[in-house]
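J.: I'd like to ask some things about the structure below.
The values are calculated or read from the model by the stated rules, or taken from the named source; none is laboratory data. This one's a predicted model, so the numbers in the text were calculated from it and none came from an experiment. Cβ placement follows ideal geometry from the backbone for every residue including glycine, while neighbour counts extend to all protein chains displayed.
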Amino acid sequence: MAAPSRLALVIAGFVSFSSYGCSPSTAPGRADAGGTEICNNGKDDDGDKKVDCADPDCATSPLCNRKEICNNGIDDDGDGLIDCKDADCKTDAACLKAEICNNGLDDDGDGLIDCRDPDCSSNPACGGGGEICDNHQDDDGDGLIDCADSDCQFDPACVSAEDCGDGIDNDGNGRIDCGDPACAGSSLCKSGEICGNGIDDDGDGLVDCDDGECAARSATCQPETNCTNGLDDDQDGKADCADPDCARDPACVTSELCDNGLDDDKDGLVDCADPDCNLKACGAACRCQQGQATETDCADNVDNDHDNRTDCADPDCALAPNCKHEICDNKVDDDGNNLIDCKDSYCDGKSCGAGCLCQGNAATETNCTDGIDNDGDNSADCLDSDCASDPSCAAACDTTCSPSLACAGASCGAGCVCDILFGATETSCSDGVDNDKDGKVDCDDDDCATVRPCCGEKGAGCGLFDMPSVPGCCDQMQCSGFWQGTCQ
C-alpha cells in the first residue's frame, strides 16, 4: 500500500482539530505532540504526568468545572469530599449551623459553646438585652448583680473552664468532669462508652449518660430544652413538664421559685417575699425567713443574701460563732475572754443599757434626771458622780448645798454630795481634791472616816481621840469605844 501523501496528512490533521472547534494550539486535552488528554478516563493520555482535571489542558472542560451541591450526599466535583465536608460548601446555607445557646454543645463547630459563642450575645439565655455580667451594676433591675444574676450563668465572666479530671464542677453547670459536654473532646473522656446499655463499657466508673462521652454525643443524654412541644426531646420517657429538666422552665413552674427574681406563681410576691418560700433556700447559703433573704454562711466572704452586707457585717450573722462579740448589758461573758460587759474593751463607747454608757472599762450614768441608777453603782442621777457636770445637777446646788432641803442628796460637784444635816460632804477620798471645799482633803476630811482608804481594818484603833489619823472603821465595822477603841 502506498504511503499517504503529505497533503492527505495535513487534511486529516485539520479535520481532527476542527472537531473541537478551535485551533491546534488551544485544543483542550493537547499538551504536546504525544497525544490528547481525555479529561475523565483516569489516564495521563498526553504523557505530561498530569491526569484528567489535574492537567491544565482540561481547565476549560465542562468535566472539570463541576460545583459541589452541598446537600445531596454526592461528591459532585469529584474531589473526594462530600457536601459540607467540601470546602466549597463552607458558606452554603445548608452547612451554616446555628449555635443553640443553652444545650452545652458547640452546634456550629467554631470551638465556642453556648454563651461563649458571640452568636449568642443577644440570646435571652445568655442575658442578651439584660444583665451585663462584669460591670458591677444591676442592669436589668432584678436586684441581682453580675454573676449573682441567673441571666449570667453561661456568661464567660461567670463560667470557669471545666477541668476534666479533678472531680469538681468547675464551670458550675451541674456536670462534673467527663459528665460535662465541655469535656467531650478531652483525652480523659474518650474511651468508648455505649450510651444506653446500663454498662460501664469504658471502665471509668460512669455508666451511660453519667459518662461525659454520652453526655456530649447521645440525644438520650441531652436535657429537655423545649418544654412545650409535647415531645420527649431527650428520649428519657418523660416529655415537657414531666421531665425534671423542665422543672425551672416558666411553662412548668406552678409554685414560687425562691431565687430567680420572678413571680413564678403570679401572686404578686417575688422570691422570699412570697410566704411559699418561708424557710426555703434562696440560693447558696441563703434562706428565706419572715419575708426576707437571710445569710446562713458567715465566713465565706460572699454576700449570700444580696443585701450588700457580707458575713459578720450582716446582722443575720450576729450570733454566728465567728461573729460573736460581747453584749454590753447582760452580765454575761459572751465572747469567753473572762471580761464582762463594760470591762470588755469591745464595749468601750457602747451602750450598757438605758441611760448607761461604757467608758474606760466602766459603766457610767448618762441620764441624770430619770430617778434610776442606770449604771448599777447604787447612786442615781445627781447622787452619782458621773452626773457631776450634768447641767441638771450642777445648776441646782453648789458646795453651799443651799437650800438644804432642795439640795439633799444632790451633787455639789465632782466627789461631793449634799447631806441634809451636814451640807456638802466629801465622797471621793483618794483624788487629792478638797471636793466639798471645807479645807480638808481626802482622809483629812471627817467625811471620809468610813470610806476606804481612810478607815481602819479590824483591830485598828478608832474613836474620837484617834481622829482624824484613824477616823473610823471600814465595811460597817463598829468601834468598841466612843472615845477610844478598836474596829470590830
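J.: Only residues that are modelled with pLDDT of 85 or more, more than 30 Å from P391 (Cα to Cα) and surrounded by 15 or more Cβ atoms within 10 Å (Cβ to Cβ): list them for the range 321-331, please.
T.: Once the filter is applied, which keeps residues that are modelled with pLDDT of 85 or more, more than 30 Å from P391 (Cα to Cα) and surrounded by 15 or more Cβ atoms within 10 Å (Cβ to Cβ), the range 321-331 yields E326, I327.
J.: Scan the range 333-357 for residues that are under 26 Å from D381 (Cα atoms) and either in a loop (DSSP other than H, G, I, E, B) or among the β-branched types (V, I, T) (or both) and jot them down.
T.: I340, D344, D348, G349, K350, C352, G353, A354, G355
J.: If I filter the range 110-127 for residues that are hydroxyl-bearing (S, T, Y) and either at pLDDT 80 or above or farther than 30 Å from C158 by Cβ (or both), do I get at least one hit? Explain how you work it out, then say what you get.
T.: Residues of the range 110-127 that are hydroxyl-bearing (S, T, Y), as a first pass: 121-122.
Now restrict to residues that are either at pLDDT 80 or above or farther than 30 Å from C158 by Cβ (or both): none.
For the range 110-127, residues hydroxyl-bearing (S, T, Y) and either at pLDDT 80 or above or farther than 30 Å from C158 by Cβ (or both): absent.
J.: How about the range 318-330: which of its residues are closer than 29 Å to T364 by Cα and either in contact (Cβ under 8 Å) with a residue 24 or more places away in the chain or in contact with a helix residue (DSSP H, G or I) (Cβ under 6 Å, 6 or more places away or on another chain) (or both)?
T.: C323, H325, E326, C328, D329
J.: Pairs, please: C-beta under 7 Å, at least 6 apart or cross-chain, first residue β-branched (V, I, T) and in the range 43-59, second modelled with pLDDT under 85?
T.: Sorted first by the residue in the range 43-59, then by its partner, the pairs are V51/G42.
J.: Still on this model: Is one or more of the residues making up the range 245-268 of a type in the set (S, T, N, Q) and surrounded by 14 or more Cβ atoms within 10 Å (Cβ to Cβ)?
T.: Keep residues of the range 245-268 that are of a type in the set (S, T, N, Q), which gives 254-255, 260.
Checking which are surrounded by 14 or more Cβ atoms within 10 Å (Cβ to Cβ) leaves us with 260.
Yes.
J.: Now for a separate question. Which one of these is farther than 25 Å from A148 by Cβ and either within 26 Å of the chain's Cα centre (by Cα) or at pLDDT below 90 (or both): D271, D334, D316? Explain how you work it out, then say what you get.
T.: Numbers: D271 fails: farther than 25 Å from A148 by Cβ; D316 fails: farther than 25 Å from A148 by Cβ.
The match here is D334.
J.: Here are some residues: A354, A363. Which one is small (G, A, S) and surrounded by 15 or more Cβ atoms within 10 Å (Cβ to Cβ)?
T.: Going through A354, A363 in turn, just one is small (G, A, S) and surrounded by 15 or more Cβ atoms within 10 Å (Cβ to Cβ): A363.
J.: Pairs, please: C-beta under 7 Å, at least 6 apart or cross-chain, first residue among the basic types (K, R) and in the range 408-422, second surrounded by fewer than 24 Cβ atoms within 10 Å (Cβ to Cβ)?
T.: Matching pairs, first to second residue: none at all.
J.: Kindly establish whether A380 is among the hydrophobic types (A, V, I, L, M, F, W, C) and touching a strand residue (DSSP E or B) at 6+ places or on another chain (Cβ under 7 Å).
T.: Answer is no for this residue.
J.: Name the residue that is modelled with the lowest pLDDT, counting only residues in the range 434-469 that are over 28 Å from C401 (Cβ atoms) and assigned to a loop (DSSP other than H, G, I, E, B).
T.: G463
J.: Suppose we keep only residues that are buried (at least 16 other Cβ atoms within 10 Å of the Cβ) and β-branched (V, I, T) within the range 55-90. Which one would you say is nearest to N41 (Cα to Cα)?
T.: Among those residues, the one meeting the criterion is I82.
J.: Sticking with this structure for a sec: Can you tell me which of A219, A215 is within 31 Å of the chain's Cα centre (by Cα), modelled with pLDDT under 70 and either polar (S, T, N, Q) or within 21 Å of I100 (Cα to Cα) (or both)?
T.: After applying the criteria, what remains is A215.
J.: If a residue has to be farther than 25 Å from T225 by Cα and surrounded by 13 or more Cβ atoms within 10 Å (Cβ to Cβ) to count, how many in the range 91-103 make the cut?
T.: Of the residues in the range 91-103, 1 are farther than 25 Å from T225 by Cα and surrounded by 13 or more Cβ atoms within 10 Å (Cβ to Cβ).
J.: Name the residue, out of D386, D377, D370, that is under 22 Å from S351 (Cα atoms), at pLDDT 80 or above and in a helix (DSSP H, G or I).
T.: Exactly one of D386, D377, D370 is under 22 Å from S351 (Cα atoms), at pLDDT 80 or above and in a helix (DSSP H, G or I), namely D386.
J.: In the range 400-411, what residues are over 60 Å from the mean Cα position of the chain (by Cα) and either closer than 18 Å to S379 by Cβ or at pLDDT 75 or above (or both)?
T.: Scanning the range 400-411 gives T400, C401, C407, A408, G409.
J.: What are the residues in the range 236-248 that are at pLDDT 80 or above and either within 24 Å of A293 (Cβ to Cβ) or in a loop (DSSP other than H, G, I, E, B) (or both), if any?
T.: K238, A239, D243
J.: Here is a further query. Is it the case that some residue within the range 390-397 is in a strand (DSSP E or B) and at negative phi?
T.: No, the range 390-397 has no match at all.
J.: Could you tell me whether the range 266-279 includes any residue that is in contact (Cβ under 8 Å) with a residue 40 or more places away in the chain, small (G, A, S) and under 30 Å from G230 (Cα atoms)?
T.: Taking every residue of the range 266-279 in turn, none turns out to be in contact (Cβ under 8 Å) with a residue 40 or more places away in the chain, small (G, A, S) and under 30 Å from G230 (Cα atoms).
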